[in-house]
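Asker: The structure is given below, and queries will be raised subsequently.
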Ligand SMILES: [Zn+2]
């Protein structure tokens with residue numbers, strides 16, 4: 001089969017589309033014929049070899065996908081051959097203390113498809129059957145193929161960790177990225193007030209069309225001052241941060257007394273100073289969040305289905321265009337998810 005692989009860590013030039021052996025399903029596993037796969041920042045980190053990523057031989061990239069079941073291994077009851085499904089890329093052991101209580105993304109052996117095993121940027125991928133869910137009927141292949149990792153991440157940040165409620169005010173940094181955009185869409189579904197930031201007026205305009213209540217261009221405007229203006233000096237209830245080092249000090253300056261900061265990513269770097277006095281004096285809560293549990297996934301999928309939430313797809317490439325697609329993501333020019341159309 002054809003697959004987008006790396007044989008060594010490095011820049012965009014280490015990615016190649018090559019012929020590799022067709023994967024075979026083990027017990028409890030399913031072979032999917034991939035229709036469409038979605039890019040995430042994780043793909044770039046795996047390619048670059050950030051800490052936590054290791055490589056033995058060639059490795060197939062990619063975490064998100066929609067596909068059709070082509071074959072099933074032993075002991076698989078559902079799905080059946082021919083079913084169209086989407087992938088929850090979170091891999092958990094199923095029997096540790098954390099899995100036993102349903103906290104699958106806290107699993108002591110947590111992994112991600114495309115990071116800890118062969119990924120979705122291929123004609124076929126093998127996935128545990130318990131990671132597959134029926135595709136919501138209102139989504140096209142590009143939307144379904146780019147939904148899961150980022151929307152699950154946004155769901156857990158907002159709902160499970162951030163415990164957002166109707167009428168609360170939320171700040172979302174860096175609108176345009178997958179998790180940030182899904183966070184905006186989900187927050188508007190439940191009736192929160194949303195402030196978004198970007199360096200691009202075009203992206204801020206698009207965010208307004210998706211329901212953002214207030215926009216801040218951080219190149220021209222002071223984020224802290226603008227948030228104070230919008231909230232009459234009170235601050236926001238919740239900050240959703242996937243940016244990291246660059247926005248961490250801002251989070252503490254804009255959150256209200258007793259407010260929450262949830263972080264899920266560090267696109268500008270992982271090391272930042274924390275003012276512990278601000279933390280305890282203002283009764284703040286800091287939460288880390290990575291992807292989500294099976295229950296988070298089920299709830300996210302219900303919310304997407306019932307509300308016919310439409311994922312924003314920035315651009316679609318053929319599998320052979322994977323290098324160009326990754327370059328677009330690294331440049332930060334995208335608004336929404338980038339898709340790879342693998343088969344028609
Ligand atoms: Zn586990």
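Here, each number is a calculation from the coordinates, and none is a lab measurement. Everything numeric in this text was worked out from a predicted model, so none of it was measured. Neighbour counts run over all protein chains shown; Cβ positions are idealised from the backbone, glycine included.
Asker: Considering all projection directions equally, how large on average is the shadow of the alpha-carbon convex hull of region 84-205, in square nanometres?
Answerer: Working: hull surface 37.4 nm².
The orientation-averaged projected area of the Cα hull of region 84-205 comes to 9.3 nm².
Asker: What order do you get for 116-126, 61-71 when each peptide is scored by the mean count of other beta carbon atoms within 10 Å, highest first?
Answerer: Taking the mean over residues of other Cβ atoms within 10 Å, the ranking is 61-71, 116-126.
Asker: Here's another thing I want to ask about it. Starting from the Cα-Cα distance between residue 232 and residue 108, subtract it from 0.36 nm times their residue separation and give me the gain in nm to one decimal.
Answerer: 40.3 nm
Asker: Report the calculated FRET efficiency for residue 58 and residue 295 (r = Cβ-Cβ distance, R0 = 30 Å), to the nearest 0.05.
Answerer: After rounding to 0.05, the efficiency reads 0.30.
Asker: Still on this model: Which value in Å is the Kirkwood Rh of region 20-98 over different Cα pairs?
Answerer: Kirkwood radius, region 20-98: 14.5 Å.
Asker: Within region 236-265, what residues put their amide N at less than 13 Å from the label point 7 Å along the Cα-to-Cβ vector of residue 281?
Answerer: Answer for region 236-265: 253, 257.
Asker: Could I ask something else about it? Among 342, 304, 266, which comes first, second and so on when ranked by fewest other beta-carbon atoms within 10 Å?
Answerer: In order of increasing Cβ crowding within 10 Å: 266, 304, 342.
Asker: Still on this structure, please answer the following. So, R0 is 45 Å and r is the distance between the beta-carbons of residue 225 and residue 96; what FRET efficiency does that work out to, to 0.05?
Answerer: 0.45
Asker: Then there's this: If you wrap region 148-227's Cα atoms in a convex hull and average its projection over all directions, what's the area in nm²?
Answerer: If I average the Cα hull's projected area over directions, I get 4.8 nm².
Asker: Per 20 Å bin, what percent of the C-alpha pairs of the chain does each bin hold, from zero upward?
Answerer: Values per bin, smallest distances first: 32, 58, 11, 0.
Asker: Let me ask another. Quick one: 203, 341, 219, fewest Cβ neighbours within 10 Å first, how do they rank?
Answerer: With the fewest neighbours first, 203, 341, 219 line up as 219, 341, 203.
Asker: If you don't mind, there's one more thing I want to ask. Can you compute the helix-only [θ] at 222 nm over the chain? Use -39500 (n - 2.57) per DSSP H run of at least 4 residues, normalise by all residues, nearest 500 deg cm²/dmol.
Answerer: So the calculated ellipticity at 222 nm is -7000 deg cm²/dmol.
Asker: Next question, about the same structure. Taking the Cα atoms only, what angle lies between the long axis of helix 178-189 and the longest principal axis of the chain, rounded to 10 degrees?
Answerer: It works out to around 60 degrees.
Asker: How much FRET efficiency would the formula 1/(1 + (r/R0)^6) give for residue 13 and residue 310, where r is the Cβ-Cβ distance and R0 is 41 Å, rounded to 0.05?
Answerer: It comes to 0.75.
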